[in-house]
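To start, the structure itself, in structure tokens.
Computed from the coordinates by the stated procedures, all read-outs in this text should not be read as laboratory data. Everything numeric in this text was worked out from a predicted model, so none of it was measured.
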Amino acid sequence: MTSLLTRPGTDVPPLHLTERDGWTRSTWILLVVLCGALFLDGLDISMVGVALPSIGAELDMAPSMLQWIVSGYVLGYGGLLLLGGRVSDLVGRRQVFLAAVAVFGVASVASALVSDPSLLIALRFVKGVAAAFTVPSGLSIITTTFAEGPARSRALSIYTVCGASGFSLGLVFGGILTEVGWRATMLLPGPLALLILAAGWTVVPRAAKERFSLAHFDVVGAVTSTAALLLLVFAVVQAPEVGWTSAQTVGSLVVSLALAATFFAVESRHDHPLFRLGIARSAHILHANA
């Protein structure tokens, strides 16, 4: 029977394991690590949402600024998600996943220690960016580890459920931890990320990566897609405050749409696109990202 995983440090070819081959203990540990990172992303954003009133009261933040504690995370996540996937391909899924989890953990601990509102928002943005790299790298590890068919479908289903569960449980834990203090909601993801990092270092296999070069990196696609997504998220986040028909919202959406159109035009012609348009036909991948 073909082994589902190889030891860290070895290159792994595409696997063709079916559900009948069974799941080993290492398989489950790997999946728990990947799911744990997604679970942590959902847990973090929902816990902090519950803690917002306490944060605003202690740091004396205006409502318009307070919302950016959550919106900063969403901005970093939504704006860099597509870029995170391509960087994972070029740099290596294992390297990107572990580095992003480490950044997420460090930013979590730092967020619990700061008292400056602007610095707190900046750290939330950093955490969002880190999550934007853990999700596509984690998904890529799943799709290259589990064979297409029942095995991969099962893994992706578990992965998706864990993300939703993290968000739901975050609402519960957020309420409990806020009784201790809002800083506890910021701190909790730190040690959890450390555990995921330690386990991931052992079980996440190295895989062959593309040779990095500027010719392989779609610079124009990276710039246009990131700018389009950042503007889109910014417009949606600010719209309730400034109005959906305001010049700021409409202008941001129009520019975002123009950048998106430019991005898709570039992707259809680039030899090494940031986003392969054919991936939109994969129902499993789209479902896992929903």
### Query
What is the set of long-range amide H partners of PHE217 at a cut-off below 5 Å, with H atoms built 1.01 Å from backbone N?
none
#### Entry: Hydrodynamic radius (Kirkwood) for region 218-271, which is based on Cα pairs only, to one decimal in Å
11.4 Å
### Cα centroid separation - region 224-265 against region 36-54, whole Å
25 Å
### Message
I need the semi-axes of the equivalent ellipsoid of region 87-177: take the C-alpha gyration tensor, multiply each eigenvalue by 5, square-root it, list largest first in whole angstrom.
### Response
29, 19, 8
### Message
Based only on Cα atoms, what mean projected area does the convex hull of region 139-196 have, in nm²?
### Response
4.7 nm²
